[in-house]
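To keep things clear, I will list the structure first and then write my remarks on it.
The values are calculated or read from the model by the stated rules, or taken from the named source; none is laboratory data. None of the values given here were measured: they were computed from a predicted structure. Cβ placement follows ideal geometry from the backbone for every residue including glycine, while neighbour counts extend to all protein chains displayed. Each accessible area value is taken on the protein alone, full model and side chains, heavy atoms only, with ligands, DNA and RNA left out. Shrake-Rupley method; radii C 1.70, N 1.55, O 1.52, S 1.80 Å.
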Amino acid sequence: MEIHSKVRIKDIAERAGVSTGTVDRVLHGRTSVSPLSREKVERALQELNYVPNHYASALASNKVYKIASILPMHEVDSYWARVETGLSEGLSRYSDFKISYEIFRYDPFNDQSFEDQTRQLLDWDPFAVVIGPIFNYNIMRKFIDKLELKEIPYGLIDSNWPEFSPVAFYGQDSIRSGEFAARVMLMAAAGAKKIALFKLMGEGRVASRQQLNREVGFRKYMEEHSPKTQIEVLNLYVYDKEGVKERLQTFFDEHPTLCHGLTFNSSIHTIAKFLKTNMPKRKHVTLLGYDATDSNVECINDGSVDFLIAQHPMRQGLNCMRTLINSCVLRIPQNRDHYMAIDLLTKENIDFYKD
């Protein structure tokens with residue numbers, strides 16, 4: 001291990017009264033050192049104000065680090081596309097190291113797809129993994145158990161799982177985010193009797209635990225602050241794009257006075273564009289959604305969407321990758337939980353939002 005230029009291994013060995021080999025074993029955390037010798041070396045390190053050069057040490061190893069990410073399949077204009085950009089940007093900042101990077105993508109509504117991709121990922125034998133978690137706890141648990149059995153460190157993005165032990169998590173506090181969405185909608189609704197909740201579904205469920213927890217937080221806040229407001233749920237099915245239009249038409253025909261609605265993912269533009277194209281004479285529906293994707297920003301700017309809750313997906317990816325490398329390659333201790341700001345975007349401030 002290379003060390004601070006003013007302190008050599010020889011200097012430490014002389015101060016401790018041990019061999020340079022013993023110092024080297026202590027610095028590398030090896031166990032083949034007697035307690036007395038370890039104590040002498042650690043005292044010498046403290047007396048000499050030894051500062052390890054983690055970066056130089058990692059470079060000197062000349063090791064190839066294989067890092068994998070497993071993320072949901074997504075469209076080009078999406079939250080996860082920005083996460084991927086951030087992950088790549090994070091890697092680029094460690095170009096001095098020999099890093100091999102592979103992305104494995106799964107269908108977020110298909111448990112078997114996730115299992116197939118994790119099997120391929122483990123066959124690739126990565127050094128560390130970034131995970132965009134699937135909804136199913138049991139499937140996630142099986143994957144995490146395999147990583148931990150192989151002693152492969154991992155980071156989580158978007159959905160936090162307190163029952164797991166990642167190097168780091170990056171994302172919003174989903175419960176608080178849902179409560180925040182409820183507060184914004186109640187201020188905008190000003191006593192409305194109904195608020196629509198549009199849920200993008202596949203295989204009978206939403207895509208992530210994050211979306212589920214946002215709904216939990218939303219309903220909790222509504223029950224506490226506006227219990228008489230009805231929440232009208234409309235499920236829209238990701239595999240039936242034509243059916244989405246029909247269901248929206250039927251829903252708005254059945255609720256002619258409904259003027260407020262939201263989603264807990266980045267699909268609010270689907271609702272906004274439907275209303276703009278198919279029901280242009282209808283009274284404006286105040287809409288709130290998540291993520292500053294290009295489609296959602298377009299709708300904010302033309303007035304068909306009123307609010308977006310943003311969460312810096314590119315920054316999540318970049319910082320998660322940096323934290324993983326700092327911890328696993330450079331051996332620098334890191335904090336586990338990193339909660340992103342819950343930013344509210346409108347037409348007036350959207351131009352100043354920078355991920």
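Springs between Cα atoms under 10 Å define the GNM used for the chain, and in it the highest mean-square fluctuation of Ile268, Ile175, Ile231 occurs at Ile231. Of Leu149, Leu324, the residue with the largest accessible area leads and the full order is Leu149, Leu324 (1.4 Å probe).
Here segment 276-355 exposes an accessible surface that is 48 percent carbon and sulfur, computed with a 1.4 Å probe and the other protein chains kept in place. Ranking Val130, Val76 from most to least accessible surface, computed with a 1.4 Å probe over the protein chains only, gives Val76, Val130.
Does segment 175-261 come out rounded, prolate or oblate, given a ≥ b ≥ c as the square roots of the eigenvalues of its C-alpha gyration tensor, rounded meaning a/c under 1.5 and, failing that, prolate meaning a/b above b/c? Here segment 175-261 falls in the oblate category.
The relative contact order of the chain comes to 18 percent, based on Cα pairs under 8 Å that sit 6 or more residues apart.
In the context of the full set of protein chains, the chain has a per residue accessible area of 49 Å² (1.4 Å probe). For Tyr101, the solvent-accessible surface computed with a 1.4 Å probe is close to 50 Å², ligands and nucleic acids excluded.
The figure for His269 is an accessible area of roughly 40 square angstrom, using a 1.4 Å probe on the protein chains alone. Loop-resident trypsin sites (Lys or Arg not before Pro) (DSSP state other than H, G, I, E or B) in segment 100-202 with no more than 15 further Cβ atoms inside 10 Å of their Cβ: Lys150, Lys193.
If you roll a 1.4 Å probe over segment 67-206 with all protein chains in place, what percent of the accessible area is carbon or sulfur?
Ligands and nucleic acids excluded, carbon and sulfur give 47 percent.
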